[in-house]
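The values are calculated or read from the model by the stated rules, or taken from the named source; none is laboratory data. In this text the structure is predicted, and so the values were computed from the model without any measurement. All Cβ positions, glycine included, derive from the backbone under ideal geometry; neighbour counts span all protein chains shown. Each accessible area value is taken on the protein alone, full model and side chains, heavy atoms only, with ligands, DNA and RNA left out. Shrake-Rupley method; radii C 1.70, N 1.55, O 1.52, S 1.80 Å.
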Amino acid sequence: TATACAAIFTNPLEVLKTRLQVQGELSKAGEAVKYTGMVDCGIKMAREEGILSLQKGLAPGMAYQFFMNGARLGCYPSLKRFFGDDGSHSPLNVARQVGAGAIAGALGAVVGSPLFMIKCRLQVASTASAAGG
């Protein structure tokens with residue numbers, strides 16, 4: 001899907017964001033701060049772990065997008081029919097559509113959650129040293 005392909009371009013930013021978030025949590029526990037910001041994090045990761053380290057977790061990230069959005073978009077029309085969507089703009093029908101959307105979104109989150117966890121764990125893992133120092 002398009003979102004899975006978009007992950008190729010957004011994944012490096014997610015890796016940097018995740019590393020900085022984990023570093024913030026580790027610094028609260030008294031660990032030394034390794035990165036001073038996103039640019040510094042990217043430069044140090046590329047130098048110490050190689051440029052491809054910026055794409056850590058890409059495969060599960062793409063799978064996450066595929067399955068999460070597939071579940072959401074696949075369930076939504078069926079849920080609208082189940083709730084009796086008649087295509088009108090009446091308040092009752094809008095409520096049906098909102099309900100169908102909420103349930104479809106929740107199902108997508110449940111389906112994608114394990115892949116998201118794997119993606120995050122891979123992004124945090126450092127081959128050079130611990131993410132915090």
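Observations on the model:
- Some residue of region 13-20 being under 14 Å from the mean Cα position of the chain (by Cα), within 30 Å of ARG72 (Cβ to Cβ), loosely packed, with under 13 Cβ neighbours inside 10 Å and modelled with pLDDT of 90 or more: yes
- Conditions (1) at positive phi; (2) open to solvent by less than 60 Å² (accessible area, probe 1.4 Å); number of the one not met by TYR64: (1)
- Any hit, region 52-61, residues being within 19 Å of GLN123 (Cα to Cα), open to solvent by 80 Å² or more (accessible area, probe 1.4 Å) and either basic (Lys, Arg) or part of a helix (DSSP H, G or I) (or both): yes
- Of the residues making up region 27-51, those that are open to solvent by 50 Å² or more (accessible area, probe 1.4 Å) and either touching a residue at least 24 places away in the same chain (Cβ under 8 Å) or under 13 Å from VAL15 (Cα atoms) (or both) are GLU31, ALA32, VAL33, MET38, VAL39, ILE43, LYS44, GLU48, ILE51.
- In region 1-25, the residues that are within 18 Å of LEU115 (Cα to Cα) form Cβ pairs under 6 Å with partners that are open to solvent by 80 Å² or more (accessible area, probe 1.4 Å), at six or more places apart or across chains, as follows: THR1/PHE66; ALA4/PHE66.
- Among residues of region 84-112 that are closer than 18 Å to LEU73 by Cβ and open to solvent by less than 50 Å² (accessible area, probe 1.4 Å), those with a Cβ under 9 angstrom from a residue that is assigned to a loop (DSSP other than H, G, I, E, B) and not polar (S, T, N, Q), sequence gap 6+ or separate chain, pair up as GLY99/PHE83; ALA100/PHE83; ALA100/ASP85.
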